[in-house]
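Chemist: Pasting a structure below so you can have a look.
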Amino acid sequence: MLSNIGITFVFFIYSLIWLQLPGMLFAQLLLPRRLKVATRLLASYFLGFMYLALVYYIQSLVGCSWLITVAGPVATANFLFIYWKKGRPSIFNAGEKLSLSFIVIFVATYIISLINFKLKFIGALSGQTTQIYHDFLFHTGNIVSLSKGFPSGDIRVDGLTFYYHYFYELIFAMCKNIFHFDAFKTYLNGNALVCAWPLSLSLMIIGERLKGGRYCRPRTFFFYCIGTLVSCICLLPLNVVGGTFPVSWLDNHLFGNGNAMGLAMALTILCVDILVEVWYDKYSFKVMCAIFVLATATTGFKGTSGVLLAAITFIVFVVEHAITRRFHWGRFLYVVATVAGFCFTYMTVTVGLGSTGSNNRAMTLTPEGTLEAGRVGQILSKLGIDYMDSPWIIPAVIAAAICIVGPCILPFVGFTVSKFKTLIHDGVIGNIFDWFVIGSVIMGVIGFCFVSVPGLSQGYFVITNAAFIFYGAMMYVIDNRGNLISHIMNGFWCLGTLFLVVDIAYFCRDDIRQHAIYKMEAGDRADLVSRDTMEAYLWLRDNTPEDAKIAVDRFSEELDYRNIYFYAGAFSERQCYLEGYDYSDISEERIGAMRAVNERFYSSDWKEADVAIEICGIDYIVVTDMGHPDYQGDNWQLDLVFENDDVRIYKYNYEAKP
């Protein structure tokens with residue numbers, strides 16, 4: 001059984017002592033005390049993560065193995081000493097208290113995350129077959145890579161440096177490095193906390209912004225906080241061809257943290273909230289440092305969120321300067337810190353300077369990908385209309401924007417128009433937070449409509465702005481209670497609540513169906529992995545040196561993009577010469593060359609095989625009946641070290657002589 005209460009408890013302790021409390025030490029040093037408690041706690045979490053990541057980077061450079069192990073407790077001890085010395089002040093400011101809304105949201109989010117992710121896969125290794133969604137396998141492989149050092153190479157493609165979601169998996173990888181759990185168990189038992197804590201705090205920030213210091217009933221404030229989850233933004237059936245369940249594409253990402261979108265949205269909210277709070281303050285170098293670190297974190301968790309944050313901060317500054325005709329050096333330096341944070345992470349950690357733009361990195365400036373993969377394009381095609389032809393492309397793009405934002409587009413447009421009217425007629429900028437929201441959402445929708453990425457990943461431009469969309473829509477409803485649009489939105493939010501309940505029921509049903517799959521025989525199905533194959537991968541994990549390099553003969557299948565094969569790297573926890581490469585920043589030409597070399601490892605000509613194996617430094621050859629049913633293994637330098645009904649593993653003996 002993969003579920004482990006002990007690992008869950010240890011991960012909680014890790015999150016507290018290695019992330020949260022050290023982060024609180026830096027938050028009280030860098031950020032103003034007046035910030036709301038949710039903002040300070042969320043900033044502490046990410047500042048603590050960045051502190052530990054920096055220590056881990058130093059540890060990887062110097063080659064020692066204990067720095068991050070002691071870094072957390074030492075920083076926590078310093079925080080507790082200072083806290084005690086100051087007389088144990090409350091973490092709450094005047095007028096603040098522990099919110100029942102936060103407790104309910106956190107507990108509910110934690111439980112739903114368990115249902116959506118953990119309960120689905122706790123039996124993945126206890127049946128006749130294994131099937132794990134490719135994104136979660138990809139994350140597991142990255143955890144393995146990053147647990148060996150930071151930065152680290154791609155566990156699936158030998159010699160490759162850059163790949164997705166560095167910082168998301170780094171949370172789990174550093175825990176694995178400290179406590180030496182296996183990667184998938186660490187991920188499975190820790191993900192619910194990583195989902196629930198930052199998301200709940202960020203939703204509280206939005207609730208406080210909507211409350212605006214005014215009195216409101218507890219249930220009203222609760223809706224201000226929870227409303228993003230029932231906002232009908234990013235409904236799957238409206239936007240993805242073939243998509244039916246879960247109804248909310250947004251909530252599926254937030255509750256599972258697939259592709260790190262919950263963390264990306266939380267960081268976007270956090271950074272904007274802090275920027276707004278200090279925008280009109282006297283310049284502070286400490287605050288600028290905090291902004292730089294948090295912008296760096298945002299980009300490391302999701303590049304789309306990082307670029308949106310950098311762009312909107314720059315645009316707000318430029319537009320405000322154009323209106324007021326006054327240049328503020330302090331704000332300009334905050335903008336520089338935000339942009340520098342994005343550029344630093346983008347160029348040195350997550351993408352680099354020489355991206356191939358291949359596979360899932362392919363990004364083109366055209367609405368074709370969005371329309372082709374979305375319902376709007378499907379409907380127009382069925383009507384015999386070419387949506388890329390003029391004049392159809394204009395209404396098609398507008399319809400795609402309406403579908404992705406959902407019914408919130410009505411009040412959000414009203415909110416935006418009212419802000420512009422006030423600015424134009426009265427010359428009043430008003431709440432600068434509103435302008436960050438408007439600009440970020442507009443850029444996100446434009447990104448969704450005009451940037452095409454495989455797998456409809458351009459949807460992340462909107463998902464990262466979902467809370468801002470809800471904020472703008474709710475502000476309009478608050479200011480226009482009783483009008484037609486407010487009544488319409490009340491109806492849609494009730495419908496969104498129903499969708500949330502339906503999705504939770506779907507998650508439960510999907511868990512039951514997934515566990516039924518584990519009892520099936522894998523056979524020749526490309527999307528299933530037999531018990532014998534998993535046994536072989538786990539044998540490699542438990543019986544080979546950690547720096548061993550393996551060759552495998554199962555790759556991504558052509559049947560469906562969900563059949564991407566990431567199992568060997570994720571579960572053997574060993575460097576693969578080549579495995580699943582669909583998400584890797586590598587050209588098709590290089591993949592073709594590596595696949596040709598990989599096939600030589602299994603050549604019947606032992607001389608050809610030896611040359612390829614020795615040049616590439618392969619230590620173990622994994623031979624499956626599906627990949628090479630006729631493989632003889634008669635090379636005298638290959639020692640059979642493992643065998644079952646489906647898989648044989650050979651160790652290459654570099655010291656053997658003829």
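Chemist: If you rank Glu655, Glu96, Glu588 by how much accessible surface each has, with a 1.4 Å probe, what is the order from largest down?
Modeler: These residues rank, largest area first, as Glu655, Glu588, Glu96.
Chemist: Helix-only mean residue ellipticity at 222 nm, the chain, DSSP H runs n ≥ 4 weighted -39,500 (n - 2.57), per residue, nearest 500. What is it?
Modeler: -19000 deg cm²/dmol
Chemist: For the chain, find the longest principal axis of its Cα atoms and tell me its angle to the long axis of helix 531-543, 0 to 90°, nearest 10.
Modeler: The two axes meet at around 90 degrees.
Chemist: What FRET efficiency comes out for the pair Thr348/Phe285, r = Cβ-Cβ distance, R0 = 30 Å, nearest 0.05?
Modeler: After rounding, the FRET efficiency stands at 0.85.
Chemist: Keeping all protein chains in the complex and leaving out DNA, RNA and ligands, what accessible area do you get for Ile409 with a 1.4 Å probe, in Å² to the nearest 10?
Modeler: 40 Å²
Chemist: On to the next question. Return a whole-number percent for the relative contact order of the chain, with Cα pairs under 8 Å and 6 or more residues apart as the contact set.
Modeler: Computed over the chain, the figure is 18 percent.
Chemist: Run through all the Cα pairs of the stretch 606-658 and give the fraction in each 5 Å bin from 0, expressed as whole percent.
Modeler: Percent of pairs per bin, in order: 4, 19, 31, 26, 14, 5, 0.
Chemist: Another question about this same structure. Points 7 angstrom from Cα along the Cβ direction at Val336 and Lys86: gap in nanometres?
Modeler: About 2.9 nm, to one decimal.
Chemist: Largest first, please: the extent of the C-alpha atoms of the stretch 531-652 along each principal axis, to the nearest Å.
Modeler: On the principal axes, the stretch 531-652 reaches 37, 31, 29 Å in Cα extent.
Chemist: Now for a separate question. List the trypsin sites (Lys or Arg not before Pro) within the stretch 185-223 that fall in a DSSP loop (any state other than H, G, I, E or B) and whose Cβ has at most 11 other Cβ atoms within 10 Å.
Modeler: Sites meeting the loop and neighbour criteria: Arg214.
Chemist: Please name whichever of Leu263, Thr298, Ser90 sits farthest to the positive end of the charge dipole of the chain, dipole taken about the Cα centre and charges placed at Cβ: Lys and Arg +1, Asp and Glu -1.
Modeler: Sorting the options by dipole projection puts first Ser90.
Chemist: Still on this structure, please answer the following. With everything on Cα atoms, drop me the angle between helix 484-518 and the longest principal axis of the chain, reported from 0 to 90° to the nearest 10.
Modeler: With rounding to tens, the tilt is 20 degrees.
Chemist: Quick one: order Trp606, Trp329 from most to least accessible surface, probe 1.4 Å.
Modeler: Trp329, Trp606
Chemist: Then there's this: Considering only protein heavy atoms and a probe of 1.4 Å, how much of the accessible area of the stretch 531-652 is carbon and sulfur, as a whole percent?
Modeler: The C+S portion of the solvent-accessible surface of the stretch 531-652 is 44 percent.
Chemist: A follow-up question, please. Starting from 0.36 nm per residue, how many nanometres of slack lie between Ile111 and Ser3 once their C-alpha separation is accounted for?
Modeler: That works out to 37.4 nm of additional length.
Chemist: What trypsin sites (Lys or Arg not before Pro) does the stretch 317-418 have in DSSP loop regions with at most 12 other beta carbons within 10 Å?
Modeler: Arg325, Arg326
Chemist: Would you tally the net charge around Ile233, using a Cβ to Cβ cut-off of less than 14 Å, leaving Ile233 out, and scoring K and R as +1, D and E as -1?
Modeler: Residues close to Ile233 contribute a combined charge of -2.
Chemist: Calculate, for Leu16 and Ala526, the FRET efficiency according to 1/(1 + (r/R0)^6) with r their C-beta to C-beta distance and R0 51 Å; round to the nearest 0.05.
Modeler: So the FRET efficiency works out to roughly 0.75.
Chemist: Let me cross-check Cys508: its accessible surface, 1.4 Å probe, with only protein heavy atoms counted, in Å² to the nearest 10?
Modeler: Solvent-accessible area, nearest 10 Å²: 60 Å².
Chemist: In terms of solvent-accessible area of protein heavy atoms at a 1.4 angstrom probe, what is the ranking of Ile82, Ile291, highest value first?
Modeler: Ile82, Ile291
Chemist: Now, a different point. For a quick check of understanding: with a 1.4 angstrom probe and all protein chains in place, what accessible area in square angstrom does Glu535 have, to the nearest ten?
Modeler: Counting only protein heavy atoms, the figure is 90 Å².
Chemist: Given that just one value was derived from the coordinates, which of [x] 1.07; [y] 0.98; [z] 1.01 is Rg/Rh (Cα atoms, Kirkwood Rh)?
Modeler: [y]
Chemist: What chymotrypsin sites (Phe, Trp or Tyr not before Pro) in the stretch 278-312 are in a loop by DSSP, with at most 10 other Cβ atoms within 10 Å of the Cβ?
Modeler: Qualifying residues, ordered by number: Tyr280.
Chemist: Excluding Lys148 itself, calculate the net charge of residues whose Cβ lies under 14 Å from the Cβ of Lys148, where each Lys or Arg counts +1 and each Asp or Glu counts -1.
Modeler: Overall, the nearby charge balance is -2.
Chemist: For the chain, find the longest principal axis of its Cα atoms and tell me its angle to the long axis of helix 409-421, 0 to 90°, nearest 10.
Modeler: 50 degrees
Chemist: As an exercise, use a Förster radius of 25 Å and the Cβ-Cβ distance of Phe327 and Lys211 to find the FRET efficiency, rounded to the nearest 0.05.
Modeler: 0.15
The values are calculated or read from the model by the stated rules, or taken from the named source; none is laboratory data. Values in this document were obtained by computation on a predicted structure and should not be read as measured data. Note: ideal-geometry Cβ built from the backbone for every residue, glycine included; neighbour counts use all protein chains shown. To get the accessible areas, we keep the full protein, side chains included, count just its heavy atoms, and leave off ligands, DNA and RNA. Shrake-Rupley method; radii C 1.70, N 1.55, O 1.52, S 1.80 Å.
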